[in-house]
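One structure is given below, encoded as structure tokens.
Just so it is clear, none of the values below were taken in a lab; they were calculated from the coordinates. Predicted model only: the values in this text are computed from it and were never measured. In this analysis, Cβ positions are derived from the backbone assuming ideal geometry, glycine residues included, and neighbour counts consider all displayed protein chains.
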Amino acid sequence: HEKVSVIGAGLAGCECALTLADRGVAVQLYEMRPRRSSPAHHTDRLAELVCSNSFKATRRDSAAGLLKEEIRRLGSHLLKCAEQASIPAGGALAVDRQRFSELVEAEIASHRAIEVVRREVCSIPAGPVVIAAGPLCSPALAEAVRDLVGAESLSFFDAAAPIVDASTLDMDVLFEQSRYERAGGDYLNAPLDRRSYEAFITELIGADRVNLRDFERKELFQACQPAEEVARSGRDAIRFGAMKPVGLIDPRTGARPWAVLQLRAENAARSAYNLVGFQTNLTFPEQKRVFRMVPGLGHAEFFRMGVMHRNTFVDAPHVLDSSFAVPETQVRLAGQITGTEGYTEAIASGLLAGLNTFCDLAGAQRVHLPVSGALASLVGYATDPATVRYQPMHVNFGLVPPLPAGVRLGKRDRYRAYARRALESLDAFIAERIDVFAGPR
Ligand code: FAD
């Protein structure tokens, strides 16, 4: 096989290199640290965790837990390292970060097929390449990626609005209507009267916010305003912006509400909705408290909270194929630079990039995981050309296909059913693809 260049020895890059090396593919794994650092990394270690030391829940009937079980079955090395480095953290997988990096470094060192090259890559090398340079990809490489995918397809910030579970919304309060249309339409609308609007704005303005890091604060707000910042500029500012009621009539009152919070379906099954225009920097508990004040959202459960970060990512649904490769090139992307978000997601993405790069080199069919899984659902979302306004996404059960029509289960049982369905089809898939999964060390 040709040698593969993997750029970035973070979570995705290390997992990708190990996945390839397992299958006899030689890898040059490039890491710019310590020669050059990012604004968030502090050490020269491989697979450094930039912030929290938690890989989130382990319960299989949670999306994060299911993802872990899936990548365990697919042969993840970094998950094994994380488990060996784990420290007690209730139902979550938390690690001693130094021990975690040491274990990953030892795995990499034990593979003669991987050569670690400590230098910044500023242009895309020839031959098969996996770019796993992360959300803080160095500027020179970001420029090269931009040339490859087009300037309008590379973002330097994310600004994601919360996404809620449709089954937890109060449909006696919300009404379905697109602006200027009588009934039906793509949006759900939460009507607010003057009093509830005022109360909502007061809490939105006063709520606790995430402390941004210096490098984020400087650049972020030039790029995009969080909803609470818009509200702070004038109590009616949002009512003339994201919450404008123009063209909407509440069928229950026959009148135009004072303000409206619109929810837009995230998927064809309409099992998840995002809060239009509500990219926010509030802390997660505050988002829950404040958004549940909105009529119809009193019991809303959140699939994803709103976030705003410095974050380099490509518009994957429109510039990458379903294996995260740039069409008609030998370049593939992995990790957060594809717009998937989270430590475990980055590992999973690196694993999949390794498998698919191996398939390409071996002339084998690419790995298309069964669609019911947590990872496959995330990949499906991130590479579906129908995805609009693509913002970084972590795994969540709002992305998985619904259970067959007629199956009505409570939340816990539904999540258990998702997990069972996903793992059964994954096992069958792995057993079938012996060309890819038989024999790695
Ligand atoms: P990284 O782990 O960042 O790895 C990329 C590697 O590429 C780095 O080692 C970098 O030095 C190297 N590199 C960059 N450019 C070049 C170049 N030109 N040449 C050579 N090497 C290069 N997710 C969570 O689940 N929990 C959190 O708490 C969390 N906190 C975060 C905090 C911040 C500030 C940021 C930015 C993100 C955070 N994330 C978090 C999101 C995400 O899960 C992590 O960023 C994750 O590390 C992404 O994995 P990755 O492999 O894509 O990138």
- Task: Would you pull out the residues with amide H under 5 Å of Val116's amide H, same chain only if 5 or more places away, H placed 1.01 Å from N?
- Result: Leu29
- Message: Can you say what percent of the DSSP beta bridges in the stretch 118-271, counting only those with both residues inside, are antiparallel? Round to 5.
- Response: 90 percent
- Once you have a ≥ b ≥ c as the square roots of the Cα gyration tensor eigenvalues for the stretch 1-80, tell me rounded if a/c is under 1.5, and otherwise prolate or oblate according to whether a/b is larger than b/c. oblate
- Task: Quick one: which residues, 5+ away or cross-chain, put their amide H under 5 Å from the amide H of Arg235? H built at 1.01 Å from N.
- Result: none
- Query: Asp44 to Arg209: FRET efficiency via 1/(1 + (r/R0)^6), r the Cβ-Cβ distance, R0 22 Å, to the nearest 0.05?
  - Reply: 0.10
- Name the lysines eligible as straight-distance cross-link partners of Lys80: C-alpha to C-alpha under 23 Å, and not fewer than 8 places from it in the same chain. Lys56, Lys68
- Item | Reachable aspartates and glutamates from Lys411, criterion Cα separation under 13 angstrom, eight or more residues apart if same chain | Asp61, Asp165, Glu301
- Ranked output for segments 200-206, 382-388, 306-312, 128-134 by mean other Cβ atoms within 10 Å, highest leading, reads 128-134, 306-312, 200-206, 382-388
- Treat each spin label as a single point 7 Å out from the Cα along the C-beta direction, and report the Thr253 to Arg36 distance in nm. 5.6 nm
- Backbone HN-Hα couplings from phi across the stretch 257-272 [Karplus 6.51/-1.76/1.60, Hz, Gly and Pro as x]: x, 5, 8, 9, 9, 8, 10, 10, 4, 8, 8, 5, 6, 6, 8, 9
- So how far, in whole Å, is the C-alpha centre of the stretch 346-412 from the one of the stretch 122-199? 17 Å
- Message: Using a 7 Å offset from Cα along Cα-Cβ at Ala26, what residues in the stretch 102-119 end up with backbone N under 18 Å from the label point?
- Response: 109-118
- Placing each pseudo-label 7 Å from Cα in the direction of the beta carbon, His1 and Glu301 end up separated by a distance in nanometres of 4.0 nm
- Message: Averaging over every viewing direction, what projected area does the convex hull of the Cα atoms of the chain cover, in nm²?
- Response: 21.1 nm²
- Task: Would you please give the residues with an amide H less than 5 Å from that of Val4, counting only those at least 5 places away or on a separate chain, with H modeled from the backbone geometry?
- Result: Ala26, Val27, Gln28
- At a Förster radius of 41 Å, what calculated FRET efficiency corresponds to the Cβ-Cβ distance of Glu143 and Arg112, to the nearest 0.05? 0.75
- Message: What does the C-alpha gyration tensor say about the overall shape of the stretch 177-312? Classify as rounded when a/c is under 1.5, otherwise prolate if a/b is larger than b/c, or oblate.
- Response: prolate
- Task: Counting only DSSP beta bridges with both residues in the chain, tell me the antiparallel percent, nearest 5.
- Result: 65 percent
- Message: Give me the extension gain from Ala417 to Val246: residue separation times 0.36 nm, minus the current Cα-Cα distance, reported in nm with one decimal.
- Response: 57.4 nm
